[in-house]
Structure formats: C-alpha cells, structure tokens
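The values are calculated or read from the model by the stated rules, or taken from the named source; none is laboratory data. Computed from a predicted structure; not experimentally measured. Neighbour counts are summed over all protein chains in view; Cβ atoms, including those assigned to glycine, are modelled from backbone coordinates with ideal geometry. With ligands, DNA and RNA removed, areas are computed over all heavy atoms of the protein, side chains included. Shrake-Rupley method; radii C 1.70, N 1.55, O 1.52, S 1.80 Å.
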Amino acid sequence: MRIGLIVGPWFTVPPEKYGGTERVVDALARALSDAGHEVLLATAADSTCPVPQVPGFGPAVPEDLGQSFSELGHVIKAYAELRDVDIIHDHTLAGPLYAHRPPGIPVVTTIHGPLSPSYAPLYRDMARDTAIIAISHDQCSRVEDLEISAVIHHGIDLSAVSVGRGAGGYVCFVGRMCPDKGLMEAVAIAREAGVPLRIAAKMHAPDEQGYFHDVVQPALGSNEEFLGELSDPEKYELMGDAMALLNPIQWHEPFGLVMIEALATGTPVLATPIGAAPEIVRHGATGFVGSARELADSVARIPDLSREACRRSVEESFSAQRMAADHVDLYAKVIEQFQAKPLPGGGLLQENQSRTL
C-alpha cells in the first residue's frame, strides 16, 4: 500500500522534545514502513523520521504554532505532491477541509485534540468525504451524531524504551505546564504520601511560563524538584527510575501518551478517572485510577504492582506495530468503499462510513 502522511509545519517528526502528534506519526510511519508499505511523509524539512519525505518544505516553525496561514500553505503543498499514493492520512485540522484535494485518492484524518462541541461542526463537515479516526472511546463520546470510522489507540516504538528498576525512591510528573495537566494535584498527592516528586514539563508559551511563575514556583518546596523539559532518553530514565508516574489530569484528555510511555518503562501510573485514563491504566494491575485523595493512599500499594505487567500491557495493547496494523485495516476498508462508490469530488459517501465504538 502507498500511504501519504501529512503533519503540520510547526514541529519536526519526531519532535526534539514537545510534540505528541508528531511523536505518534513518527511511530506510525516507521511501523508502516517496517511492515512493507510505501510511506511518503509531508512534514518540516528538518524532520529525521527515516521514511521518504515530500521535498520543498521549510524547517519547522514552532513560533507559528496555531497560526492558520502557515498550516494552510503547508497542506496545500502537501496535497499537490501526494498524487501518486493509494490513501492520504492527514493529521492536520485544515487539510481535510481543503477543497482541492487530488481526485481519486481517499483521505482519512485523526482527531488528535479534544472533541469539544465547538469543533464538532468542523468534523461533521469533514465526515462528508473523509474517514475520521478517534484516539479513544472517551474522546468520541464527547459529541453525538458524528460518524467515526474507527477508534485507534496510540502506540509507541518499544525498541527505544528500556524497562527501569523503579528504585529511585520518588514519583514523577511529566507533562505541560498548565492547570489541566494536574501538576498542583500531583504536588499535593506526593506530599500527602510522603514521597519526593520530580517534575519534567514543557514551558515555552507565555501562558505556560506565567502559570509556572505565578502558581507553581511559589508552591514548590524541598519535597519537589523541577527539572524543566527533557529529551526522550532523559524522560525515559526519569520514568524508569520512578516508583510511579502521577497523572492527575483535570480535563478530558483524548489519550495521554505519557501514560503508555511510563508503562513501557515498567512504571505504574496513578491517574484520575478522566478522559482516556481508564482505557489505558488497568486499576490494581498497571496502576491506580481514582481521586487525588485515593491516589495519595494508593502510593503505599505501588510495591504490590508488577513492573513486568506494566511493560506487557504496552506490548500487547499500545505498540507501534499494533497501531500500524489497525490503521492498515482501516485504510483497506476506506479504499474499498471509495472505489465502490466514489463521489465526483473524490470522497466517500457518508452512508459507507461505519461507527465502530
């Protein structure tokens, strides 16, 4: 199968540090290529993902994050260059709404962000000629009357992640510096449990810096150590040595890649029962799911959990190979439906889409 992948212009694939979507696309591209498929990736020119890339793009422009003008120009060029593939998998928001996609090629898209009511009209319009992938059952439960072609959980490349011993005597928090990620709740949980907390967080945007300086930094004490933003090897070392990852999120996070990264190192996850966390963490087996009060009590039960079981849960359910296989199954169905009943504009009939929740 010849597969075109489109990613936005703001971060490289894989990202140097921050960039969840780009990290997932990197794992997907590699796994698809390893499975024998031809992959062509439309991404920033300085990306290092080892698959063929669409030429002519500039380097990543993180300072333009969220700017529609840079994304629009990027996807217009991407579609112009992806005219010889069997299917296009677009990971941008603007691309599936582009009117001049190459005819004769079906398009699928993944909802990487929250599926809030404000976004629902956009995705309903996309669903007229685009197959839509959700990344968790919780994500697509946020909105009714939206045709979802498949729910496909993220996966990661386990070859890059080794199992740690969890002997560091601390718990860790890894995320973005914002209230939704639950950093202050993690501080409270670690203090209540009487264990040190090590914090790694992305802090680039002005609102992230403001939250750190106004709220987080004044509250940190001798029990907490702020490490800044870490590279992947540094992050996996932090996770692997930790007793547990604290992930007391405060919003309906669509997936939460950090949880499967921690589990891959053998480290249990303690999470609030919000968003996709209950789909990832098996309560009492690979971590604990509960309120902040309950998670603080659960810290004492961490030695009862098997680090081997944590790693095995990722090998069985969240590997890049499983993710790629699920996508290939969907791609084949979409191509078959498209060839059976193509629209004049080159899209899928809505009645051919299936909701597999």
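Calculate the dipole size of the range 282-337 relative to its Cα centre from +1 charges on Lys and Arg beta carbons and -1 charges on Asp and Glu beta carbons; express the result in debye to the nearest 20.
Working: 8 positive and 9 negative charges, 34 e Å.
It comes to approximately 160 debye.
Rounded to whole numbers, the Karplus 3J(HN,Hα) couplings from phi for the range 249-264 are 4, 10, 8, 7, 5, x, 9, x, 4, 4, 5, 6, 5, 5, 4, 5 Hz, using 6.51 cos²θ - 1.76 cosθ + 1.60 with θ = phi - 60°, and x at Gly and Pro. Taking the 0 to 90 degree range and rounding to the nearest ten, how far is the long axis of helix 183-193 tilted relative to the main principal axis of the chain, both from C-alpha atoms? Compared with the principal axis, the helix lies near 30 degrees. Here r is the Cβ-Cβ distance between Ala340 and Ala160 and R0 is 45 Å; the resulting FRET efficiency, rounded to 0.05, is 0.70.
Percent of C-alpha pairs per 5 Å bin in the range 188-236, short distances first: 5, 18, 25, 23, 19, 9, 1.
Spin-label pair Asp232-Glu316: with each label point 7 Å from Cα along the Cα-Cβ axis, the two points sit 2.6 nm from one another.
Its DSSP H runs of at least 4 residues, each contributing -39,500 (n - 2.57), put the calculated 222 nm mean residue ellipticity of the chain at -9500 deg cm²/dmol, to the nearest 500.
What angle do you read, to the nearest 10 degrees and between 0 and 90, between the alpha-carbon axis of helix 68-81 and the longest principal axis of the chain? Tilt of helix 68-81: around 50 degrees. Cross-link partners for Lys333 among the aspartates and glutamates, with Cα-Cα distance under 13 Å and sequence neighbours closer than 8 places in the same chain left out: Asp86. Rounded to the nearest whole Hz, the Karplus-based 3J(HN,Hα) values (6.51 cos²θ - 1.76 cosθ + 1.60, θ = phi - 60°) of the range 50-67 follow the sequence x, 10, x, 10, 5, x, x, 7, x, x, 4, 10, x, 5, 9, 3, x, 7, with x at glycine and proline. Computed over the chain, the convex hull of the alpha-carbon atoms projects to a mean area of 16.6 nm².
The radius of gyration of the Cα set in the range 112-180, together with its Dmax, comes out at 17.5, 53 angstrom. The H on the amide N of Ser319, modeled in the peptide plane, is under 5 Å from the matching H of Ile156, each at least 5 residues off or on a different chain.
How big is the Cα convex hull of the range 128-227 in projection, averaged over all directions, in nm²?
On the way: hull surface 40.5 nm².
That works out to 10.1 nm².
If you wrap the range 146-292 in the convex hull of its Cα atoms and look at it from every side, the mean projected area works out to 9.6 nm². Here the range 43-160 is described by how far its Cα atoms reach on the three principal axes: 40, 39, 32 Å, from widest to narrowest. Remark on Thr130: its backbone amide H falls under 5 Å from those of Leu348, a criterion applied only to residues 5 or more positions apart or on other chains, H modelled at 1.01 Å from N. 3J(HN,Hα) along the range 131-138, derived from phi through the Karplus expression 6.51 cos²θ - 1.76 cosθ + 1.60 where θ = phi - 60°, amounts to 7, 10, 10, 9, 9, 7, 5, 4 Hz, with x in place of Gly and Pro. Sort out for me the Cα centre separation of the range 32-56 from the range 208-272, rounded to whole Å. If we compute the Cα centre of each part, the gap is 30 Å. Straight-distance candidates among the lysines for linking to Lys181, with alpha-carbon spacing under 18 Å and chain neighbours fewer than 8 residues away dropped: Lys17, Lys202, Lys235. Full extension of the chain between Asp46 and Glu225 yields a length gain of 61.1 nm, computed as 0.36 nm times the residue separation minus the alpha carbon distance.
Taking 7 Å steps out from each Cα toward its Cβ at Ser68 and Arg191 produces label points 4.4 nm apart.
Heavy atoms only, probe 1.4 angstrom, no DNA, RNA or ligands counted: give me Glu316, Glu225 ranked by accessible area, highest first. Walk me through the numbers before you get to the answer.
Numbers: Glu316 115, Glu225 85 Å².
Solvent-accessible surface, decreasing: Glu316, Glu225.
Spin-label model, Ala120/Ala35: points 7 Å from Cα along the beta carbon direction are separated by 3.2 nm.
Rank these by accessible area, largest first, 1.4 Å probe: Lys235, Lys77, Lys17.
Lys17, Lys77, Lys235
Shape summary of the range 91-147, radius of gyration then Dmax from alpha carbon positions: 11.2, 33 Å. Under a 5 Å amide H cut-off, with hydrogens placed 1.01 Å from N, Gln53 pairs with Leu41 among residues at least 5 apart or on other chains. On a 0 to 90° scale, report how tilted helix 232-241 is relative to the longest principal axis of the chain, with both axes built from alpha carbons and the result rounded to the nearest 10. Result, in degrees: 40.
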